[in-house]
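**Q** For reference, the structure I am asking about is given below.
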Amino acid sequence: MVVKSLVQSSADAEGGADAADPHSKNEISSPPRRRTSSRLKGKEKPQKQLLIRKRVALLDEHRDGGEQDGGGDGGSLSKRPNVDGGKSSHAKNEAGDAGSNVGLEGGASKPTDSSVEKSDHAKVKETLRLFNKHYLYFVQEEEMRCRKVEADKKASKSAKKGSKSSKKSKKEASPPEAKASKRPDLKAVSKASQNDSCLITMMERKEILNATKRIGSIPGIDVGHQFYSRAEMVAVGFHSHWLNGIDYMGQNYGKGEYSNYTFPLAVAIVISGMYEDDLDNAEDVVYTGQGGHNLTGDKRQIRDQVLERGNLALKNCVDQCVPVRVVRGHDCKSSYVGKVYTYDGLYKVVQYWAEKGLSGFTVFKYRLRRIEGQPVLTTNQVQFINGRVPQSVAEIRGLVCEDISGGQEDVPIPATNLVDDPPVAPTGKLNYQILEIFPVLDAHSIQVAQNVKLPTDATGCNCKGSCTDPKTCACTMLNGDDFPYVQRDGGRLIEAKDVVFECGPKCGCGLSCINRTSQRGLKYRFEVVFRTPMKGWAVRSWDFIPSGAPVCEYIGVIRRTEDVDSALENYYIFDMDCLQTMKGLDGRERRSQAVSIPAVHSLERPDDQSSDSGPEFCIDAGSSGNIARFINHSCEPNLFVQSVLSSHHDLKLARVMLFAADNIPPLQELTYDYGYALDSVMGPDGKVKKMFCHCGATGCRKRLF
C-alpha cells in the first residue's frame, strides 16, 4: 500500500562493506553446560576473580611485548563505486546554491586509492567497524547456543511427557538454562571462540590499532569521543585494559624514543566510580590507585594497595610531568555494558600520597588537573546534549512541521528550522511515500513505472512462526547457511554483503522473524533539521542507533534508467546496482560473497552481460519518497547501503536499505556516501558537471562529482 503526503529533500548511497575474510559459522556447535554442585559453586567466585586477573596479565603481556601493525583494513566496511558516467545518481544539496534543495544519491561509492594514506580518524573508524563485526559474530554464536539449549530443553520435556519419573529425577535431568552470553565484546578483542577456530581475535590477527603505547593524545580520537565499551578502547589502542583503570607503559619502553624516562609510566586512566575513595570535580580529580578493592562491584576496599604497576606508574608521572588521558564512564542504557565512556582530554598528575581509605585500608591518592587550552569539558557537554533531546512536540525548538509523513509512519518525523528568518518548512509538491513490505509485496504495494514489472517468483521457506534454524530455512540458506542478522537490539546486520536474502510473502514465518529485520519500518525517532544553507535539509536521530541496525529504506518510483537519463536536474535518482556490485564492475569493491544465488539468477547468464553498461533500473524519488530523500552525503559517512531481496530474487530489482555503519549517538547527523566518481556526471552540453562537497569530514574529497 502506498500512501502520500508532503515532503522534500534528497538522499545518497554509501557502500560500506567488508569483502575480505567472511566468518564461517557452518561448524558451530554448542555443548550443553555442565551442572555444578553446591560445593563447586562455592569455589566459582574466587576462581572467576583469578581468571580475571590472569586475563589482565595476558593483556599486559600482549600490549607491552612489542609493536604490531594497526589499521584494521581487512575488516572495515568498504565502498562500492558508481562510475556510471553521465547517468543520474544521488546527490543531495551539496552545491553552493543555498536557494535550492537538490539531493543526489548514488548506489555506490568511489574506488579506493590504495596509494592515498588514510587519515587517523578514518583508521579509528575502520578499526571500530571491524571490532563491531567481530562483536556481532560472537553475539550470533551466543544466540545460536541459547537457541540450541532451548531446543534441547523442549525436546527433553517432550521425551519425558507421560513418563512416571519422580520429581527428583526430573530435576536432575533438566537441561541447563539458556542464559545470556559472556561478554562478546571481550571475545572480539581478546580470544577466539571455543567452538569455531575461524573466529580469530583481533589481537591474534594483529588488528589492534596503535598497538604500541604512547604518551599524550591518540591520533584520530578527539576530546569528546565516546566509546560504548572498554573493549572498544582496547581495539583502537586508547586504553589497553578492559578491566584495570590505569593503563601504563612497562619497562620495555625504556629504549629509543622514551629512553630518558623512568618506567613504568601511566598513559591513561578510566574514572567510572569503581572506587569508593574517588573524588571527581571535573577539572580537578582525586583518583584512587588500583588494587585491593572488591571485584564483585560493591566498591569496598578489602586490603591495602601497593605502590607497584599502575600505582607506581602514576607516581612516576608526577615526578616527570607526564600527562595522562582521562576517560569518564557514564551510565547509559544504549550501551550493551550499561556505560558510555567519554574522552575528556589530557590531565597532569600534580600530586600523590597514601592514606587510610573509608574502609580502613591504605590507598594511594592522585590529584589530577586538566591541562588548559583543550576543548570544553565534554562531561558537562554530554549531559547537555542528552538533555536537549525533546520529550514532546512542545519542547522542539524551531518547529516548522510536526510530522512530514502526515501520520504515515509509526513514529512522527518533525521538521525544524533554526537557520532561516523567518523559518520555513520543507517546500515543493513532493509526496511522502512509505512502502508496506509485509504481509504482501506485489505490483500494488510499490510504485513502479508502467514499463517495469516486479517478479513474484520467490518460493519462500516452510518455517512456522519464526525461522530458528539457519540450516533448514530455505531463505537463510541463500545467505550462506546462516542468518545475516542477530536478534540483539531488535535486529542488526552482522556485516555488509553482496545481497541479503530475507523471508518474503510466501514464507510461513511472521514479521517477528529475524530474517525480516529490514521489513519492520522506522523504529527510531528521526528529525529533519535545516542544517546550513550549503547542505539544505538533513536528518538526525533522537535515539542511539547501534551499528548494523536498519535505519530506513530508500523509496521512490522504480523506473528504467534509460527513461530518466534526460532528467538531468532530478537529483533524487538512486541506481539499483546490486548486480554490478556483485560482479565488481566499474571499480566497485565486492563485499562478502557468502551467498548462494538461485540458478535462475546466476551472474553468468548470457543476458546479464548487458549489465556491464550500467544498472538497468533505478529509484526515482524526485516526486515521491520518504525520509531517506533528506539524508545528506558525507565522504566519511555513518550509514551504508545494502541490497535486500525478499518477494523475488531478481538482483536487478533489489531493495535499497540504509544501515548504521557505526554506533551513532543521539543528534548526530545521518549520512552516507553518494558514490560518485569524479567527472562522471555530464551536462546537456556534453561537458563535465562539477558539484563541490560541503560534508565537513576530515577526509572530505572536496568534490561530490
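The values are calculated or read from the model by the stated rules, or taken from the named source; none is laboratory data. The structure presented is a predicted model; accordingly, all values stated were derived computationally and were not measured. In this analysis, Cβ positions are derived from the backbone assuming ideal geometry, glycine residues included, and neighbour counts consider all displayed protein chains. Accessible surface is based on the protein model in full, side chains and every heavy atom, while ligands, DNA and RNA are left aside. Shrake-Rupley method; radii C 1.70, N 1.55, O 1.52, S 1.80 Å.
Every residue, every condition in (1) modelled with pLDDT under 65; (2) over 20 Å from Ala661 (Cβ atoms), yes or no:
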{"site": "Ser592", "(1), (2)": "no, no"}
{"site": "Val600", "(1), (2)": "yes, yes"}
{"site": "Asp607", "(1), (2)": "yes, yes"}
{"site": "Pro615", "(1), (2)": "no, yes"}
{"site": "Cys618", "(1), (2)": "no, yes"}
{"site": "His633", "(1), (2)": "no, no"}
{"site": "Pro637", "(1), (2)": "no, no"}
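**Q** Also, I was wondering about something else. Applying the selection to segment 671-691, what residues are touching a Phe, Trp or Tyr at 6+ places or on another chain (Cβ under 8 Å) and either surrounded by fewer than 24 Cβ atoms within 10 Å (Cβ to Cβ) or among the hydrophobic types (A, V, I, L, M, F, W, C) (or both)?
**A** Ala677, Leu678, Asp679, Ser680, Val681, Lys689, Lys690, Met691
**Q** Kindly indicate whether Val539 is modelled with pLDDT under 90, open to solvent by less than 10 Å² (accessible area, probe 1.4 Å) and not in a helix (DSSP H, G or I).
**A** Judged against the criteria, Val539 is not a match.
**Q** Answer yes or no as to whether Ser259 is hydroxyl-bearing (Ser, Thr, Tyr) and modelled with pLDDT under 90. Lay out the reasoning, then the answer.
**A** Numbers: hydroxyl-bearing (Ser, Thr, Tyr): yes; modelled with pLDDT under 90: no.
Spelling it out, it is not the case that Ser259 is hydroxyl-bearing (Ser, Thr, Tyr) and modelled with pLDDT under 90.
**Q** Also, quick follow-up: The conditions are (1) modelled with pLDDT under 80; (2) surrounded by fewer than 21 Cβ atoms within 10 Å (Cβ to Cβ); (3) of a type in the set (Asp, Glu); (4) in the same structural domain as Phe530 (by the TED database), and Glu562 fails exactly one of them. Which is it?
**A** So Glu562 meets the others, but not (1).
**Q** Do we have Gly245 as open to solvent by 10 Å² or more (accessible area, probe 1.4 Å) and without any contact (Cβ under 8 Å) to a residue 12 or more places away in the chain here?
**A** no
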